[in-house]
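Taking it in order: structure first as structure tokens, then the write-up.
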Amino acid sequence: MGSTDKYAGVSSDTVQAKTGKTWAAWFAILDAAGAQTLLHPQIARSLQEEHGVPDWWCQIVTVGYEQARGLREVHQKTDGFTANASKTLAVPVAAVYDAWAVESKRVAWLGEVELTVRKATPDKSLRITWGDGSKGDVGFYEKGEVKSQISLQHSKLADADAAAWMKTFWGAALDRLRAFVEG
């Protein structure tokens, strides 16, 4: 295992710089502690309590370990899989939010999909539940007077194939959104 190895999207060099140990060292410690039989919260808690690893890095080391040992796939979380997408648009954030929040406008670029908006914070965020029970978090960010960014996370997906499909779906959908709002 070299310093270029990556788990949880983080290199061994970075893990060592932030935690004092490489991926190989953490894997050996966790294997010796029987972590392959522990749940995610138990592994993270042991890293914090027994090794003093900071909160955020406990999660990174735990996810990296789970991926390395085949206990978790890439994009898998404890409650399913996740797909992310984002796009920068040449329109004010209010126009992008409006294209999402107003159902008739949303249907024009997203199509007829079964979704429920659970929570809306104007020009900031939407929380969505899809017909299949998966969840969507959509964030809107101002990048200047006439520039904005949309970022979304679609979670609680059934498997890696569903996550890959949704990533492709959202890439195409955000392209249609761009065409819709930029005219």
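Just so you know, all these numbers are worked out from the coordinates, no wet-lab data involved. No experiment lies behind these values; they were computed from the predicted model shown. For neighbour counting, all protein chains shown are included, and Cβ atoms are generated from backbone atoms with ideal geometry for every residue, glycine included.
Trypsin sites (Lys or Arg not before Pro), restricted to segment 86-183: which are DSSP loop and have at most 13 other Cβ atoms within 10 Å? Walk me through the intermediate numbers first.
On the way: sites: 87, 105, 106, 118, 119, 124, 127, 135, 143, 147, 156, 167, 176, 178; in loops: 124, 143, 147.
For trypsin sites (Lys or Arg not before Pro) across segment 86-183 that sit outside H, G, I, E and B with at most 13 neighbouring Cβ atoms in 10 Å, the list reads 124, 143.
Put simply, the amide H of residue 71, placed in the peptide plane, has no neighbours under 5 Å, leaving out anything fewer than 5 places away on its chain. For the chain, the longest principal axis of the Cα atoms and the long axis of helix 40-51 meet at an angle of about 50 degrees.
For the chain, what does the helix formula give at 222 nm: sum of -39500 (n - 2.57) over DSSP H segments with n ≥ 4, over the residue count, nearest 500 deg cm²/dmol?
Details: 7 runs with 84 residues, N = 183.
Dividing the helical sum by the residues of the chain leaves -14000 deg cm²/dmol.
Couplings for segment 160-165, taken from phi via the Karplus curve 6.51 cos²θ - 1.76 cosθ + 1.60 with θ = phi - 60°, read 4, 5, 5, 5, 5, 4 Hz in order; Gly and Pro are left as x.
Restricting to Cα pairs below 8 Å that are 6+ residues apart, what does the relative contact order work out to for segment 76-176? Please round to a whole percent. Kindly include the intermediate steps, with their values, before the conclusion.
Working: 184 pairs, mean separation 38.9, N = 101.
Relative contact order comes out at 39 percent.
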